[in-house]
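**Student:** What follows is a single structure, and I will ask about it in a moment.
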Amino acid sequence: MSFVLHGIAALMAAASTPVSNQSGPLTIDQAAAIAEHNAFAIRLASSNVELSRQRVAEARGALGPKLGVGATYTRFGQETTSNFGGQSVVIQPIDTKTANASVTMPIDLAGNLSRQVRASQANLKASQENVKSSVNDTRLAAKQAFLAVLRSQAFVGVQEQALKDAQGRLEQAQKQNRVGETATIDVQRFAAQVAQSNADLLIAQQSLQQSKNVFNLTLARPIETPVELVDINDLPMVPGDADTLVKAGQSSRPEVRSLQDTIEALGLTARATEATLNPSLQVTVTHLRNLEPSGFSATGQTTTGVLALNIPIFDSGVTRARVKEVRQQQVQAKIQLEQVQLGISQEVRTALSNLSNAKSRLDNARTQVDVTQEVFRISQIRQTAGEGTYVEVIDAETQLTTARNGLVNARYDYLTAYSQLQRAIGADSLGTAATTGGGK
């Protein structure tokens, strides 16, 4: 428990502290960490934790003593006197000044106040899990935005290579045309290919800039912040089978734990509500001091004690209705828990399926790139030897560009599916989650 509270406190401190801009290229984990610091959802969830913590303190305070002090000044129209044996005696002075102090202590006969403390503690744990849930969602959004930038950068690289190849062929065709070895129409075809490659590169660059803007927005930092990222060279592998990962997710996801804590809190609240019909006992001790005692029967100070026992008899069914209301809230929370656990199973299996499909596409895309590169090389050789046409070269280059784009998509589809699996399980380390069922 202390470890959880320490972690939540660290998150809250991070949320309230401005984050300096990371210098140098960002890794995917550094980007996720910045998003954690800046995310509005996490800051709001952290504020709710503090609210819940104060409710715990309030419930605990109801178990403790209450101390009050006061003073009273009373002035009458005139003092009251009486004559005894020819001597005037003041029965009631014209004014009185008193001070009092009282201590009240509840006696928790039915354990109702203790249940309210435990219910508020369970709600505090639920709010802490909600912070973790916001962190989990924020990390996924940051990773997806990170991968979107890398994907767009890779597309730019493909288009830059395509433009470079097209410009090289155009220069060669222009040289050959000057010596009469190439027809003008072929030069025009290569020029059109260069123009198309330029247009495709411009579109890719614009898409990259948009991806960077979205990335900065996801990290909740100024949109104009320069974006420089570290690419992911090694593709992560998935440990464990689907059933093992599903069980890990269903036990470690913060949403599950939050609902479990909420169900516990509602159970305690229902029992505490039922106990309001039980007898209650309260002890009050009051000390009264007369600051200027005078008069016939005035006393300087008095101390009184009161033991108050309250036994509710009948409340027209109000308590019963309130208990049933809380019980239905508990039933709804249990239904939500079943729904969340079923959804986690679907999320994990979908992410695994997407990973498998992306891996197959990735293997096929690598093969396609190798094949189209060889076809493109052969088409250039055939064209140079006069056995092929320029149209074949252009078609081969178009197929190569398409294959390279397919490789980019398959690669980052795999990494995106992996990040979705991390979120579905609620852990960055899938190996640890699969073996221990623990969270991030």
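The values are calculated or read from the model by the stated rules, or taken from the named source; none is laboratory data. All of these numbers come straight from a predicted model, not from anything done at the bench. Cβ sites come from the backbone with ideal geometry, for glycine too, and all protein chains shown count toward neighbours. The area values use the complete protein model at the heavy-atom level, side chains included, leaving out ligands, DNA and RNA. Shrake-Rupley method; radii C 1.70, N 1.55, O 1.52, S 1.80 Å.
**Student:** Among Thr225, Thr218, which is under 30 Å from Thr416 (Cα atoms) and open to solvent by less than 30 Å² (accessible area, probe 1.4 Å)? Write out each step before concluding.
**Tutor:** Working: Thr218 fails: open to solvent by less than 30 Å² (accessible area, probe 1.4 Å).
It is Thr225.
**Student:** Which ones in the stretch 247-296 are among the hydrophobic types (A, V, I, L, M, F, W, C) and not in a helix (DSSP H, G or I)?
**Tutor:** Leu281, Val283, Val285, Leu288, Leu291, Phe296
**Student:** Shifting gears a bit: Checking the condition under 48 Å from the mean Cα position of the chain (by Cα) and farther than 30 Å from Phe40 by Cβ, which residue from Ala183, Ala199, Ala173, Ala148 passes? Reasoning before the result, please.
**Tutor:** Values: Ala183 fails: under 48 Å from the mean Cα position of the chain (by Cα); Ala173 fails: under 48 Å from the mean Cα position of the chain (by Cα); Ala148 fails: farther than 30 Å from Phe40 by Cβ.
Step by step, each of Ala183, Ala199, Ala173, Ala148 is checked, and only Ala199 is under 48 Å from the mean Cα position of the chain (by Cα) and farther than 30 Å from Phe40 by Cβ.
**Student:** Tell me, which residue of the stretch 297-326 that is assigned to a helix (DSSP H, G or I) and exposed (fewer than 15 other Cβ atoms within 10 Å of the Cβ) is nearest to the chain's Cα centre (by Cα)?
**Tutor:** Restricting to residues being assigned to a helix (DSSP H, G or I) and exposed (fewer than 15 other Cβ atoms within 10 Å of the Cβ), the top hit is Glu325.
**Student:** Still on this structure, please answer the following. Do we have Gly240 as at positive phi and within 37 Å of the chain's Cα centre (by Cα) here? Spell out how you get there, then give the answer.
**Tutor:** On the way: at positive phi: yes; within 37 Å of the chain's Cα centre (by Cα): yes.
Yes; evaluated as a whole, the condition is true for this residue.
**Student:** Continuing with the same structure: Looking at (1) acidic (Asp, Glu); (2) closer than 25 Å to Val135 by Cα; (3) without any contact (Cβ under 8 Å) to a residue 60 or more places away in the chain, which is the only condition Glu274 fails?
**Tutor:** All conditions pass for Glu274, except number (2).
**Student:** Here is a further query. Which residue out of Arg169, Arg118 is in a helix (DSSP H, G or I), over 30 Å from Lys212 (Cα atoms), among the basic types (Lys, Arg) and open to solvent by 50 Å² or more (accessible area, probe 1.4 Å)? Spell out the reasoning first.
**Tutor:** Working: Arg169 fails: open to solvent by 50 Å² or more (accessible area, probe 1.4 Å).
The match here is Arg118.
**Student:** Of Ser207, Ser211, Ser197, which residue is in a helix (DSSP H, G or I), at pLDDT 95 or above and either touching an Asp or Glu at 6+ places or on another chain (Cβ under 8 Å) or surrounded by 19 or more Cβ atoms within 10 Å (Cβ to Cβ) (or both)?
**Tutor:** From the options Ser207, Ser211, Ser197, the qualifying one is Ser211.
**Student:** Another question, if that's okay. I'm trying to understand the selection: among the residues of the stretch 335-375, which are free of Cβ contacts under 8 Å to residues at least 40 places away in the same chain and open to solvent by less than 20 Å² (accessible area, probe 1.4 Å)?
**Tutor:** Val369, Thr372
**Student:** Then there's this: Do we have Leu400 as at pLDDT 90 or above, open to solvent by less than 20 Å² (accessible area, probe 1.4 Å) and touching a Phe, Trp or Tyr at 6+ places or on another chain (Cβ under 9 Å) here?
**Tutor:** It is true that Leu400 is at pLDDT 90 or above, open to solvent by less than 20 Å² (accessible area, probe 1.4 Å) and touching a Phe, Trp or Tyr at 6+ places or on another chain (Cβ under 9 Å).
**Student:** Quick one: in the stretch 226-246, which of the residues that are in a loop (DSSP other than H, G, I, E, B) and without any contact (Cβ under 8 Å) to a residue 24 or more places away in the chain is nearest to Ala31 (Cα to Cα)?
**Tutor:** Filtering the stretch 226-246 for residues that are in a loop (DSSP other than H, G, I, E, B) and without any contact (Cβ under 8 Å) to a residue 24 or more places away in the chain, the one nearest to Ala31 (Cα to Cα) comes out as Pro226.
**Student:** Kindly check whether there is at least one residue in the stretch 265-275 that is of a type in the set (A, V, I, L, M), open to solvent by 70 Å² or more (accessible area, probe 1.4 Å), closer than 19 Å to Asp108 by Cα and modelled with pLDDT under 95. Lay out the reasoning, then the answer.
**Tutor:** At the first step, the residues of the stretch 265-275 found to be of a type in the set (A, V, I, L, M) are 265-266, 268, 270, 272, 275.
Add one more test, that the residue is open to solvent by 70 Å² or more (accessible area, probe 1.4 Å), and what stays is none.
Checking the stretch 265-275: not a single residue is of a type in the set (A, V, I, L, M), open to solvent by 70 Å² or more (accessible area, probe 1.4 Å), closer than 19 Å to Asp108 by Cα and modelled with pLDDT under 95.
**Student:** Hey, another quick one. Looking at (1) touching a residue at least 24 places away in the same chain (Cβ under 8 Å); (2) more than 30 Å from Gly305 (Cβ to Cβ); (3) more than 16 Å from the chain's Cα centre (by Cα), which one does Thr81 not meet, given that it meets all the others?
**Tutor:** Single failed check for Thr81: (1).
**Student:** Could you tell me whether Val375 is β-branched (Val, Ile, Thr) and over 39 Å from the mean Cα position of the chain (by Cα)?
**Tutor:** yes
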